[in-house]
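**Q** Mind having a look at this structure? Questions to follow.
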Amino acid sequence: MNAQQKIYSVILALEEASQLRSADKPLYLHYDDTFLKGISDHELVQILEKLSDEKLITILRTPAWVNEAMPYTYGLAEIEESFEVCLLPNFQGYADKLHKKFKGYFYSKITHSFEKDVPELSLPEKSPKKAEKELSTKEKSTLFKLILGMAAGGYGYDPKSIRNNAISEIAEDLVRFEIPLDEDTVRKWLKEASEVHSLTLPEEDD
């Protein structure tokens, strides 16, 4: 079998195993399952790990010999060993897509092979991370107003003052609330905010 056939064979084996268990219980995948003939132990591990990475299954337990990196033999103990797996919600949708793609290609349980060469397939690609949206000038201006207002009203920040105790107090409070920023970062953004907006401090009463 080629790589594509092996991936699909594992999907078929997982589906067959799931039919023997209730939906709320984990299923067991054995190395001697019909659909897994012709797939080596290491290939099966790699495919299952890939399915797990793609959030299609969760592997709850692996055979002891895999964990201990023991060589595979065909003894009774090894045959009894199995993967304990849970299918995740995305699994069935992916399996259905493969069934449509493989329509007309039949797996023979006698020869443990496909009657035709199967079409190319791959596991679903992980969605690329969305690019971070940059703030518009108006949005940044609004945030600067908030920063200046809270710094001045809550900490007595004065952009004209050479020494600002407010900066260290803000940094200390951020640490206390477990959202730390160092004093240089606080100073940088307060300075930038005060360059965009002039801050008029209320006169103190005599």
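**Q** Looking for something in a loop (DSSP other than H, G, I, E, B), among the acidic types (D, E), farther than 20 Å from A17 by Cβ and at pLDDT 85 or above - is there at least one such residue anywhere in segment 154-163?
**A** From segment 154-163, those in a loop (DSSP other than H, G, I, E, B) are 156-163; that's our starting set.
Cutting the leftovers down to among the acidic types (D, E) gives us 158.
Filter once more, keeping what is farther than 20 Å from A17 by Cβ: 158.
In the following step, the residues that additionally are at pLDDT 85 or above were identified as 158.
There is at least one residue in segment 154-163 that is in a loop (DSSP other than H, G, I, E, B), among the acidic types (D, E), farther than 20 Å from A17 by Cβ and at pLDDT 85 or above.
**Q** Please specify each residue of segment 19-55 satisfying the condition of being surrounded by 19 or more Cβ atoms within 10 Å (Cβ to Cβ) and at pLDDT 85 or above.
**A** L44, I47, L48, L51 - these are the residues of segment 19-55 that are surrounded by 19 or more Cβ atoms within 10 Å (Cβ to Cβ) and at pLDDT 85 or above.
**Q** Going residue by residue through segment 68-86, is there one that turns out to be modelled with pLDDT of 85 or more, buried (at least 19 other Cβ atoms within 10 Å of the Cβ) and not in a helix (DSSP H, G or I)? I'd like the intermediate steps shown before the answer.
**A** Pass one, segment 68-86, residues modelled with pLDDT of 85 or more: 84-86.
Imposing the further condition that a residue be buried (at least 19 other Cβ atoms within 10 Å of the Cβ) reduces the set to 85.
The next check asks that each one be not in a helix (DSSP H, G or I); those that pass are 85.
Looking through segment 68-86, at least one residue is modelled with pLDDT of 85 or more, buried (at least 19 other Cβ atoms within 10 Å of the Cβ) and not in a helix (DSSP H, G or I).
**Q** Please determine whether any residue of segment 183-195 is assigned to a loop (DSSP other than H, G, I, E, B), free of Cβ contacts under 8 Å to residues at least 40 places away in the same chain and farther than 22 Å from S141 by Cβ. Walk me through how you get there before you give the answer.
**A** Here is the first cut: in segment 183-195, the residues assigned to a loop (DSSP other than H, G, I, E, B) are none.
The answer is no; no qualifying residue exists.
**Q** Report the residue count in segment 24-49 for those that are touching a residue at least 40 places away in the same chain (Cβ under 8 Å) and either outside the structural domain of Y107 (by TED's automatic domain parsing) or basic (K, R) (or both). Full working, then the answer.
**A** Narrowing segment 24-49 to residues touching a residue at least 40 places away in the same chain (Cβ under 8 Å): 26-32, 34-35, 37-38, 47.
Applying the additional criterion that residues be either outside the structural domain of Y107 (by TED's automatic domain parsing) or basic (K, R) (or both) yields 37.
Qualifying residue count, segment 24-49: 1.
**Q** Return the residues of segment 1-23 that are without any contact (Cβ under 8 Å) to a residue 60 or more places away in the chain, outside any helix (DSSP H, G or I) and of a type outside the set (G, A, S); say none if nothing qualifies.
**A** Result: Q19, L20, R21.
The values are calculated or read from the model by the stated rules, or taken from the named source; none is laboratory data. Since we're looking at a predicted model, the values are computed, not measured. Neighbour counts run over all protein chains shown; Cβ positions are idealised from the backbone, glycine included.
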